[in-house]
Structures are given as structure tokens and as C-alpha cells.
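The values are calculated or read from the model by the stated rules, or taken from the named source; none is laboratory data. Being a predicted model, the structure only gives us computed values, none of them experimental. Cβ: placed from backbone, ideal geometry, glycine included. Neighbour counts: every protein chain shown.
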Amino acid sequence: MSLLRTRPVATPAMIATFDDAATIAAALAFEAALACAQAAEGVIAADSAEAIAAAAGRLAPDPAELAEAAALAGTLAIPLVAQLRATLSGEAAAALHRGATSQDIADTVLMMQVRQAATLLLADAARVTDALAPLARRHAATAAIGRTLLQDAQPIGFGLRIAHWHAGIAAAAARLSREVAAGAVLQWGGAAGTRPGQHGAAAAVARRLAQALGLADAPPWHARRDGVAAIAAALGILIGALAKMARDIALLAQNGVGEAHEPAVAGRGGSSAMAHKRNPTGCQTALSAAVRAPGLVAAILTAMPAEEERGIGGWQTEGPVLVDLFLLAAGAAKAMGTVAEGLDIDTQAIARNLAVAGQGADIGDSVALVEALLAPGRD
């Protein structure tokens, strides 16, 4: 991962959630938890599970070497399980990875990371909405010129525009939360999704495994990719909602409009050639994410038609693409949180532009609409 390209569009915490160390740790946690769950249900011996868990805790693969081996093998699981098995002997070596397949590790690790990533992202989205709500109320009755098709229209309460930003972002965040809860679940099915070799205890093993990994239990979903697609679509919608706010603020900050500006932060928003400029850099981050997101979502939708019990080329696409979506969403939410918390609203410029437009000052039901949009539970 190139930090020079990734860090400007993502947050350190989100980058760390999906980095090599986190991915390897989650994969090893899967193998240890699977063995312990199987031992608890009498599928493998308890001492074998103890040996597997201990070995998984000690193993420290070199990420670069593991990446090379994974590129050759076609999946991370093959070289990682081989390295882990090489540290075991006897029954423990034979018991390792019992009834599992490479895709089980890939999908379950990704869903473990998705749950952690969603927690981070939703916290930053809440920063945005928490800051926007009082701003919307404060300016609910501030008469401003509304604009349609980029032309002066009728007056609105300036806070109504802010309330719409809030409503869109809040609804998108709620949608993402629901889709993650429904779709970021355990994947364990074995080579053909039948959970073989569990001596009739597969369901009980799955429940224990899911609990140990912090996931909801679910039947194998190797070839059903709707849950991943729904998460991706929800991420795209959240990025779009953040970018709607960013687009409006960038327009309001233009010379000759000047109704709102990003907060002045030393070293941020300047120009390498024009010292007088105050560029909307946070908005730029969100808008750039919105340019990239639709193609990424489309890639995951395209990957949905998996072949029979386990597909080729489709699910292998999803991991990197979903990670990119989370990285972009995190960068956009963080940037717009900073913008929302320090948004500089110029009421004199608002009044001046309203007077120039010559459309009067009737803002209709703007104040009540602000409260309706901010009402708890509307999403």
C-alpha cells in the first residue's frame, strides 16, 4: 500500500484495520477459533486445539514473503495454513483447518475487518451529523437565496440546506449499519459449502466459531454475494451523501458568493502558487471519493453471479474493492467532520446575495421542515 497515495484519502485507523498485520492476525484467529470450537464439540482432541491455538499465537509470518507465496498459490490461506501446519505435529497437524477452505478464511477475515471498519466509519459520520444539527437549527430562519439549476430561485432558510445534508448523511449511515449487521457474518462451509467432517456437530461448531470471532452465525454463503454487494452499495451511498454536502459548500465558498467556508486551519487549503487562496480541501477529499466510488460499487455488483457452489474471479475481486470503498468513505467522513465542526457561515454575505437576487424574504415553512428533517428516528 502506497501511503503517499492512500493517506491523503483515508484515515490512519482505517488503513490499519485492513493492513497486512491485521489481515494475518485475523486469519490466524480464525484457525485458532475453529480448532477450539471443534474441540469443544468433540470433533477434534482438546490437546490438538490447544496446540493449534498456541501455534497461531506464536506464528509471525513475514508479510512480504507471505504475499509472494499467496500470489503463487492464488490465495492467502494456502501458504498461511502450510506455515502454521509446519509448526505442528501428529494429530494437531492433521486437525488444523478441519472442514474449512481457503474462501472461508478470505471471507471471514474480510467480514471481521468490515465490522471494525464500520464502527470507525459510523463514528466519523456521527461527528458530521452531530455538528450539522445545531447549525441547521441556528440558521433555520436565516433567509437566504435558494438556487436551482445553479441559478437564483426562491428564498429558503439557510438551515434547511444544512438539514438536508444532515438527513442524507444520517440515512446513509443508518443504511450502512443495517447492511453490515445483516451481511458481515461468519463464512464457514468447507470446499463445497457442506461443512464436512464435523460428526454431526457442524451447527454447534459454527455457533461457537462465530461467537469467538465477534460475528453473527450464518449458513455458508460462498456463492451468494448479495451481503457484500449491499455493504458496498451502502458505502457508495454514504460517500455520495457526504459529497452532496461537500459540493454545496464548495459552491457556497466561491468568490462572489462567500456564504460559507471551511474552517481556517494552518497549512490547509492553500496553494503552492497563489498565497491568497483558501481552497475547500476537505470538500475536495469527499468529492474525489464520490468520483471513484461508483466504479468500485459497480465492480462488486458485476462480481455477484458466482458459478455454482464457489465462483472464480468474482469473490476474489471483492476484498480489494471493498477495502478501497471503506478507505475512501473514511477519508470523506473524517474530512467533512472537520468541515462541519468548524463551518464558517457568513450571514452578511447571505443577506447581500438575497438582496441582490430581489426575490423577497419569504422562506415558507423552512423552520418546521428543519425540525422534521432533524427529528430523531426519521431514518
- Message: Looking at Leu343 and the list (1) at pLDDT below 95; (2) buried (at least 18 other Cβ atoms within 10 Å of the Cβ), which single condition is not satisfied?
- Response: (1)
- The listed residue being more than 30 Å from Ala182 (Cα to Cα), β-branched (Val, Ile, Thr) and in a helix (DSSP H, G or I), out of Ile52, Ile15, Ile44: Ile52
- Query: So is Ala92 under 20 Å from Met112 (Cα atoms), out of contact with any His (no Cβ under 9 Å at 6 or more places or on another chain), in a helix (DSSP H, G or I) and not hydroxyl-bearing (Ser, Thr, Tyr) or not?
  - Reply: no
- Positions within segment 340-354 being out of contact with any Lys or Arg (no Cβ under 8 Å at 6 or more places or on another chain), farther than 13 Å from Ile156 by Cα and outside any strand (DSSP E or B), in sequence order: Gly342, Leu343, Asp346, Thr347, Gln348, Ala349, Arg352
- Looking at Ala51, is it among the aliphatic types (A, V, I, L, M) and crowded, with 22+ Cβ neighbours inside 10 Å? no
- Query: Out of all the residues in segment 346-371, which are surrounded by fewer than 22 Cβ atoms within 10 Å (Cβ to Cβ) and of a type in the set (Val, Ile, Thr)?
  - Reply: Thr347, Ile350, Val356, Val367
- Message: Would you confirm whether or not segment 175-188 contains a residue that is on the phi > 0 side of the Ramachandran plot and either in contact with a Gly (Cβ under 8 Å, 6 or more places away or on another chain) or surrounded by 22 or more Cβ atoms within 10 Å (Cβ to Cβ) (or both)?
- Response: no
- Message: Just to be sure before I move on: is Ile162 assigned to a helix (DSSP H, G or I) and of a type in the set (Val, Ile, Thr) in the structure I sent?
- Response: yes
- Of the conditions (1) closer than 19 Å to Ala230 by Cβ; (2) touching a residue at least 60 places away in the same chain (Cβ under 8 Å); (3) of a type in the set (Val, Ile, Thr), the single one that Thr119 does not satisfy is (2)
- Members of segment 101-111 that are closer than 14 Å to Ala82 by Cβ and in contact (Cβ under 8 Å) with a residue 40 or more places away in the chain: Ile105
- Task: Report yes if Ala206 is surrounded by 17 or more Cβ atoms within 10 Å (Cβ to Cβ), small (Gly, Ala, Ser), touching a Leu at 6+ places or on another chain (Cβ under 7 Å) and closer than 26 Å to Leu325 by Cβ, otherwise no.
- Result: no
- Residues satisfying the stated conditions in segment 359-376, i.e. assigned to a helix (DSSP H, G or I) and among the charged types (D, E, K, R): Glu371
- Looking for whichever is in a loop (DSSP other than H, G, I, E, B), exposed (fewer than 15 other Cβ atoms within 10 Å of the Cβ), touching a helix residue (DSSP H, G or I) at 6+ places or on another chain (Cβ under 9 Å) and at pLDDT 95 or above here; the options are Pro294, Pro263, Pro219. Which one fits? Pro219
- Applying the selection to segment 172-214, what residues are part of a loop (DSSP other than H, G, I, E, B) and over 23 Å from Gly311 (Cα atoms)? Gln198, His199, Gly200, Ala201, Gly214
- Could you tell me whether any residue of segment 297-312 is in contact with a His (Cβ under 7 Å, 6 or more places away or on another chain) and either farther than 28 Å from Gly236 by Cβ or touching a residue at least 24 places away in the same chain (Cβ under 8 Å) (or both)? yes
- Query: Which of the residues spanning segment 324-367 are hydroxyl-bearing (Ser, Thr, Tyr) and more than 30 Å from Asp19 (Cβ to Cβ)?
  - Reply: Thr347, Ser366
- Hey, does segment 319-339 have a residue that's surrounded by fewer than 18 Cβ atoms within 10 Å (Cβ to Cβ), of a type in the set (A, V, I, L, M) and touching a Lys or Arg at 6+ places or on another chain (Cβ under 8 Å)? no
- Message: Could you list, ordered by first residue, the pairs with Cβ atoms under 7 Å in which the first is in segment 207-220 and on the phi > 0 side of the Ramachandran plot and the second is crowded, with 17+ Cβ neighbours inside 10 Å and assigned to a helix (DSSP H, G or I), at least 6 apart or interchain?
- Response: Gly214/Met112; Gly214/Arg115
- Which residue out of Gly319, Gly236, Gly269 is modelled with pLDDT under 95, assigned to a helix (DSSP H, G or I) and in contact with a helix residue (DSSP H, G or I) (Cβ under 6 Å, 6 or more places away or on another chain)? Gly319
- Message: Pairs please, first residue from segment 70-90 and without any contact (Cβ under 8 Å) to a residue 40 or more places away in the chain, second anywhere and not in a helix (DSSP H, G or I), Cβ atoms under 6 Å, 6+ apart in sequence or on different chains.
- Response: Ala70/Leu76; Gln83/Pro61; Arg85/Leu96
